[in-house]
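Since the structure comes first, as structure tokens, the remarks are kept for the end.
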Amino acid sequence: MINFKIGMIGCGKLGAPCGNVFMEAGHDVIGLDPNPHPDAKYPMVQSTADMLKDRDIVFIAVPTPHEPEYGGEKPTTHLPSRGFDLDIVRRVFDDIHAAGKVLSQSDDWQWPAVVLISTVLPGTCRNELELQNYPFEVVYNPYLIAMGSVEWDM
């Protein structure tokens, strides 16, 4: 089995259990979150640069808030189509880009793949993030899980 060095940016109700599953599968996992979920079983780092130093893959599991009426409790077909708030996602991508530009001055450093697992609408990576021409690979991997059973669902 290939073991990867994985980073989790956003270690809350989605990122913490995902990182735990990766760690239990034998991967080297670290996290970055100012308020990690208490169930996160892997070490935390303090900066984006520390996260990127030697990771193969960095998963982003940060909040993407939505209007309360779009929470899924009631049908929304009568409401106008609305996306999720991407401010935190954009900030994380910009932080990765800025930290990586500094690290890339070293000859032996390479960009990790960056995988967005936060909830966003289809086309968000293509229409929002890839247009920024980041120098790293951007992948969207939707997680079809239920909150409260993330580890089991994975």
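What the table below lists for this structure:
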| read-out | value |
| --- | --- |
| Length added when fully stretched, ASP153-LYS5, from 0.36 nm per residue minus Cα-Cα | 51.1 nm |
| Relative packing of peptides 29-35, 18-24, 107-113 - highest average C-beta neighbours within 10 Å first | 18-24, 29-35, 107-113 |
| Relative contact order computed over the stretch 50-154 (Cα-Cα under 8 Å; 6+ residues apart), in percent | 32 percent |
| Charge dipole (the chain, unit charges on Cβ, about Cα centre) - positive-most of PRO68, THR124, PRO135 | PRO68 |
| SER81/ASN35 FRET efficiency (R0 22 Å; Cβ-Cβ; nearest 0.05) | 0.10 |
| Between helix 87-103 and the chain: long-axis angle, C-alpha atoms, 0 to 90°, nearest 10 | 10 degrees |
| Within the stretch 34-145: Cβ-based charge dipole about Cα centre, in debye rounded to nearest 20 (Lys, Arg +1; Asp, Glu -1) | 140 debye |
| Separation in nanometres of the label points that stand 7 Å from Cα toward Cβ, at ASN127 and ALA98 | 2.8 nm |
| 15 Å reach of a label modelled at SER47, 7 Å along Cα-to-Cβ, counting backbone N of the stretch 79-118 | 95-106 |
| Percent of Cα-Cα distances greater than 26 Å, calculated over the chain | 27 percent |
| LYS53 - accessible surface, heavy atoms, 1.4 Å probe, Å² rounded to 10 | 110 Å² |
| Sulfur and carbon atoms: percent of accessible area, the stretch 60-111 [1.4 Å] | 49 percent |
| Kirkwood-Stokes translational diffusion coefficient of the stretch 1-87, alpha-carbon pairs, 10 °C, 1.306 mPa s, µm²/s | 110 µm²/s |
| Accessible area per residue in Å² at 1.4 Å probe, computed on the chain | 59 Å² |
| Once the Cα gyration tensor of the stretch 71-154 is diagonalised, semi-axes √(5λ) in Å | 30, 17, 10 |
| Relative contact order of the stretch 1-96, defined on C-alpha pairs under 8 angstrom at six or more residues apart (%) | 29 percent |
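The values are calculated or read from the model by the stated rules, or taken from the named source; none is laboratory data. A quick note: this is a predicted structure, and the numbers were derived from the prediction, not measured. Every residue, glycine as well, gets a Cβ built from its backbone with ideal geometry; the counts of neighbours run over all protein chains shown. What goes into the accessible areas is simple: the full protein's heavy atoms, side chains included, and nothing from ligands, DNA or RNA. Shrake-Rupley method; radii C 1.70, N 1.55, O 1.52, S 1.80 Å.
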